[in-house]
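Participant: Sharing a structure here in structure tokens format.
None of the figures in this text is laboratory data; all of them are computed from the coordinates on show. Since the structure is predicted, the reported quantities are computational estimates derived from the model, not experimental observations. We place every Cβ from the backbone using ideal geometry, glycine too, and count neighbours over all the protein chains shown.
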Amino acid sequence: MSAGCQNHHATRFDGTSPAYRRALWIVIAINAAMFFIEMGGGAWAGSQALKADALDFLGDSLTYGLSLAVIGMPLARRAEAALFKGITLLAMGLWVFGTTLWNVLILGVPSAPVMTIIGFLALTANVASVLILMKFKDGDANVRSVWLCSRNDAIGNIAVIGAAGLVALTQSGWPDLVVAALMAGLFLSSARQILWQAWHERQVAVSAD
């Protein structure tokens, strides 16, 4: 995991640039499209990992839209938006973890070929998003949360592709569930980083008023 939460008193990029707005719109479109593609693929393949990753695409689309809405607002408002996104990511991680535990009781073998194809497609979309957002990754909590979400997606896609290979090799659904659980852990870790930085920035803004 990237640390990236030091030096909170330094001035951070707050997203107020036309280039960042354009980048966000492009990434929102990519994520919204991939949510429908990957959720359909997850249902077809019977893959919990694909469904978890699809849900992350949806969450990213919504939170990126929120990031656009609060650009240029006072630090306290931007920090509160980041807090909301951190709470959403926390809830997503808990949901994925809970549904993964439930699927242990009804373990099936997902379709490895479908997982692989959709996984590579999602990885391509997320690598494109990461490259688009790369130069904005060290901004304030609101900007940084966008970067963390995109990075998580790329990591998750690589894990899904690896799970597909293990499913094909073992003819077992366990690799799919293990990857889904790992993705839940990644969501929870990122939520902690976002919430910590956002809370600190909000406290700084309140103290300055």
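Participant: Order 195-208, 36-49, 166-179 from most to least packed using the mean count of other Cβ atoms within 10 Å.
Facilitator: 36-49, 166-179, 195-208
Participant: Moving on to the next point. With n ≥ 4 as the cut-off for DSSP H runs, can you work out [θ] at 222 nm for the chain, using -39500 (n - 2.57) per run divided by the number of residues, rounded to the nearest 500?
Facilitator: Roughly -29000 deg cm²/dmol at 222 nm, from the helical runs in the chain.
Participant: Per residue of segment 49-65, what does 6.51 cos²θ - 1.76 cosθ + 1.60 with θ = phi - 60° give for ³J(HN,Hα)? Whole Hz please, x for Gly and Pro, Karplus curve as stated.
Facilitator: Working through the residues one at a time gives 5, 5, 5, 4, 5, 5, 4, 5, 4, 5, x, 5, 4, 5, 6, 5, x Hz.
Participant: Search the structure for amide H atoms under 5 Å from the amide H of Ile71, placed 1.01 Å from N in the peptide plane, and list their residues when 5 or more places away or on another chain.
Facilitator: none
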